[in-house]
Amino acid sequence: MASRDPLKVGGLVVTLALHGGAVGLILYSHMRPSEPVLMPREFMVAKIVRLGRKRPKNLLPTIPMPPPEPTAPKEAVKLTENEAAKPAPKTEKPPPETKPGDFKQALARARQLEKLQAQADQEGDPSGDPSGTSDTASAGDLYATAIFKVYFEQWKVPHLASAQGLSARARVFINAQGNVLRAQVVKPSGNGPYDDSVVEVLNRVKKLPPPPPGLAQRFERSGLSLEFVP
Amino acid sequence: MKTRLTVVLVLVFGAARARAQEPTIRINPSGAELYRIGIPGADPAARVVANDLDLTGFFKILDPRAFPAALSNEPTDTINATNWMQVGGQSVAKVRTGSSDTECRLFEIAKGERPVLSKRYSGLEMRVAAHECANDLIKYFTGEDGFFGTQITFAQGGRGRVREIMAMDFDGANVHQVTRMNAVSLLPSWSPSAREIAFLSFVFGGADLWIAPAGGGRARRVTRSQDAISGAAWSPDGSRLAVTLSRGGNADIYLVNREGGLLRRLTDNGAIDTSPAWSPDGSQIAFVSNRLGNPQIYLMGADGSGARRLTYQGTYNQTPRWCPRRDTPLIAFTARDEKLHFDLFTVDARSGQIVRLTQNQGDNEDPTFSPNCRVVAFKSSRGGIWILNPNTRVEHQVYKGAVEAPRWGPAVRR
């Protein structure tokens, strides 16, 4: 009874050490300052314009003017007539001697760069804004955005018909490749110049992004509904 | 039977509902542009119409010299839409002066080869008929009345000892003398009927208010106190005039009747109150006052009540002129900016928001709205009278002589 089993003692020590370690770890983790929790949120794309200093409120407003186009100087810089002041003529350096191994290394480096470039190209959406990043993207229907972009860029409304409240509806029929088969105004605004501008842009756009799989047949048969609003 | 009807109705309305809820992509324009219109032919009426539309600042008139013969020699009752599209047209107006009438036709190229508007004006002088044609075109395009055929009055500028009141068609044609006062005459103002013009004249040494027939003729002296210091502003009903009188050495705004009888004192302030301008509904008067230091635009009721400051930007704001449309509470005025240039601005009479109309084009003063408020005429240091479309920023010079205080006359229906 008095004799103790050394194995039992060792096991007890190990058990105590393990439990103590676990308790210590828990206590330590509670003592460390907690890191801020990142909540998922939607990023909004901000449009920042450079206006310089803010205009004092008591001054009259100005008409924003585009910056002047850069122009070449009226007179080219005159070189000095003093021969001594002229820079020494450039002597072309002879090309470095190449060894057969250099070509192999250069080829391997080029291949590596090509591989990296291909990986970089895969990033993001091929139709996305090249200046954007994943942080600046916003949720929405990508296909609708692509269609909007095509018509937005090509549609200009006449000043004459810039009155608010006008709206014209159109239907565009496209095939699986995105070719416009037919485009027509289905509900004109009633304002001649406004409707003319809509007809003009409908006639001008011949190609749209191919529709997403599953919608191609529907867009070819029933068309895509567009509303042109100022 | 009832059940079948219900089923049919459900199907019909269900289908309509499904159609209405179909996803639609809303497209916005990336910008605005001038509307391209071709007006072929050397007919003088056609050229007047082309000039009228050009002066609005809304149109790009296609150069008729660039038209191929096939377009120039087209019959007046049809167009070849494809050919016109190729020269960049969106519409075509054809105007032809006959022996006793003038024809005016409009074709919208997108709508085919038949005219969308066809008018004939009989018994009218060529320019009058052409202006009527331009008015009908604008009415077709915008649903609004045009201002073609209206007149602008002004005082002769310069430093001469005799400066008469003049008038001209809005496009600068038919310049004629309204008064023969043989004295310095200033600050003309149209009556709402466009039949009379009130003005100041120094015939008897001091400034008196006078009224003359707009077509020329004997002027009538309205005030005899010789203390008028600014031009009159007719009330929209034509029964009263708001005028600045300097009584006891201080300028205040008064109401007088057409005979010069004093009706009411509208302002009673130690500062200078001047340049009254009526709102189109006759309920308010805008004026200039320096009661808080600098000249600023103020508003008050037509009885002088409730005066309030309207402009808080700029240090020298003057010559307020209301837009004559009741649905557009806009006042154009002249202001001096921090670079000491005089330029044109508008202020919203409700919100007080100020918008600049001119910039970096010399000094521009004394704005006056066209009757439909789409363009503004003004005096410029570039010379004479200019017309500006604030929306498109297109401007044209319509008169080159020295002028003071141009005032656009009301549109009078024929």
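Restricting region B:387-402 to residues that are charged (D, E, K, R) and on the phi < 0 side of the Ramachandran plot leaves a set whose member that is farthest from the chain's Cα centre (by Cα) is B:Lys400. The condition (being at pLDDT below 80, surrounded by 10 or more Cβ atoms within 10 Å (Cβ to Cβ) and either at positive phi or of a type outside the set (A, V, I, L, M) (or both)) is satisfied by just one residue among A:Lys104, A:Lys86, A:Lys99: A:Lys86.
Scanning region B:215-233 for residues that are more than 16 Å from B:Ile152 (Cβ to Cβ) and either within 19 Å of the chain's Cα centre (by Cα) or assigned to a loop (DSSP other than H, G, I, E, B) (or both) returns B:Gly217, B:Arg218, B:Ala219, B:Val222, B:Thr223, B:Arg224, B:Ser225, B:Gln226, B:Ile229, B:Ser230, B:Ala232, B:Ala233. Among residues belonging to region B:360-386 that are over 11 Å from the mean Cα position of the chain (by Cα) and on the phi > 0 side of the Ramachandran plot, point out the one that is surrounded by the most Cβ atoms within 10 Å (Cβ to Cβ). The extreme case among them is B:Asp366. Only one of the numbered conditions (1) within 14 Å of chain A (Cβ to nearest Cβ); (2) in a strand (DSSP E or B); (3) in contact with a helix residue (DSSP H, G or I) (Cβ under 7 Å, 6 or more places away or on another chain) is not met by B:Glu395, and that is (3).
In region B:322-334, which residue that is within 14 Å of chain A (Cβ to nearest Cβ) and either charged (D, E, K, R) or farther than 18 Å from B:Gln296 by Cα (or both) is nearest to the chain's Cα centre (by Cα)?
Once the filter is applied, the top-ranked residue is B:Arg325.
Counting only residues that are more than 14 Å from every other protein chain (Cβ to nearest Cβ) and modelled with pLDDT under 90, region B:17-40 holds 1 of them.
Please tell me if B:Gly304 is in contact with a strand residue (DSSP E or B) (Cβ under 8 Å, 6 or more places away or on another chain), assigned to a loop (DSSP other than H, G, I, E, B), away from chain A (no Cβ under 14 Å) and at pLDDT below 95. Break it down into steps so the answer makes sense when it comes.
Working: in contact with a strand residue (DSSP E or B) (Cβ under 8 Å, 6 or more places away or on another chain): yes; assigned to a loop (DSSP other than H, G, I, E, B): yes; away from chain A (no Cβ under 14 Å): yes; at pLDDT below 95: no.
No: the conditions fail for B:Gly304.
For every residue, the table says whether it meets (1) within 30 Å of A:Val198 (Cβ to Cβ); (2) assigned to a loop (DSSP other than H, G, I, E, B); (3) within 14 Å of chain A (Cβ to nearest Cβ).
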residue	(1), (2), (3)
B:Val48	no, no, no
B:Leu71	yes, no, no
B:Gly88	yes, yes, yes
B:Lys94	yes, no, no
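Is there a residue being acidic (Asp, Glu) and modelled with pLDDT under 95 anywhere in region B:354-374? Within region B:354-374, not a single residue is acidic (Asp, Glu) and modelled with pLDDT under 95. Looking at region B:345-356, which of the residues that are under 16 Å from A:Leu59 (Cβ atoms) and aliphatic (A, V, I, L, M) is surrounded by the most Cβ atoms within 10 Å (Cβ to Cβ)? Top of the filtered list is B:Val347.
Looking across region B:104-114, just one residue is hydrophobic (A, V, I, L, M, F, W, C) and away from chain A (no Cβ under 14 Å), and that is B:Cys104. The set of residues in region B:201-218 that are in contact with a Lys or Arg (Cβ under 6 Å, 6 or more places away or on another chain) and more than 15 Å from B:Val178 (Cα to Cα) contains only B:Asp208. On the stretch given as region B:182-214, residues that are in a loop (DSSP other than H, G, I, E, B) and either farther than 14 Å from B:Val162 by Cα or not polar (S, T, N, Q) (or both) total 12.
Residues of region A:187-230 that are within 12 Å of chain B (Cβ to nearest Cβ), touching a residue at least 24 places away in the same chain (Cβ under 8 Å) and part of a strand (DSSP E or B): A:Leu224, A:Ser225, A:Leu226, A:Glu227, A:Phe228.
Of the residues that make up region B:387-395, is at least one under 25 Å from B:Ile165 (Cα atoms), surrounded by 22 or more Cβ atoms within 10 Å (Cβ to Cβ) and free of Cβ contacts under 8 Å to residues at least 24 places away in the same chain? No - not one qualifying residue is present in region B:387-395. Could you check, for region A:184-204, whether at least one of its residues is touching a helix residue (DSSP H, G or I) at 6+ places or on another chain (Cβ under 8 Å) and farther than 26 Å from B:Leu106 by Cβ? Within region A:184-204, none of the residues are touching a helix residue (DSSP H, G or I) at 6+ places or on another chain (Cβ under 8 Å) and farther than 26 Å from B:Leu106 by Cβ. Criterion applied to B:Leu55, B:Leu62, B:Leu117 was being within 14 Å of chain A (Cβ to nearest Cβ), within 17 Å of B:Pro40 (Cβ to Cβ) and buried (at least 18 other Cβ atoms within 10 Å of the Cβ), and the one residue passing it is B:Leu117. The criterion of at least 1 residues that are within 14 Å of chain A (Cβ to nearest Cβ) and of a type in the set (Lys, Arg) is met, among strands (runs of 3 or more DSSP E) falling completely within region B:335-378, by B:354-356. Applying the selection to region B:129-181, what residues are under 17 Å from B:Leu53 (Cα atoms), part of a loop (DSSP other than H, G, I, E, B) and either of a type in the set (D, E, K, R) or away from every other protein chain (no Cβ under 14 Å) (or both)? Correct list: B:Glu144, B:Asp145, B:Phe147, B:Phe148, B:Gly149, B:Thr150, B:Phe170, B:Asp171, B:Gly172, B:Ala173.
Given the criteria more than 30 Å from B:Thr311 (Cβ to Cβ) and modelled with pLDDT under 70, does A:Ala17 qualify?
no
The values are calculated or read from the model by the stated rules, or taken from the named source; none is laboratory data. Being a predicted model, the structure only gives us computed values, none of them experimental. All Cβ positions, even for glycine, are placed from backbone atoms using ideal geometry, and neighbour counts span all protein chains on display.
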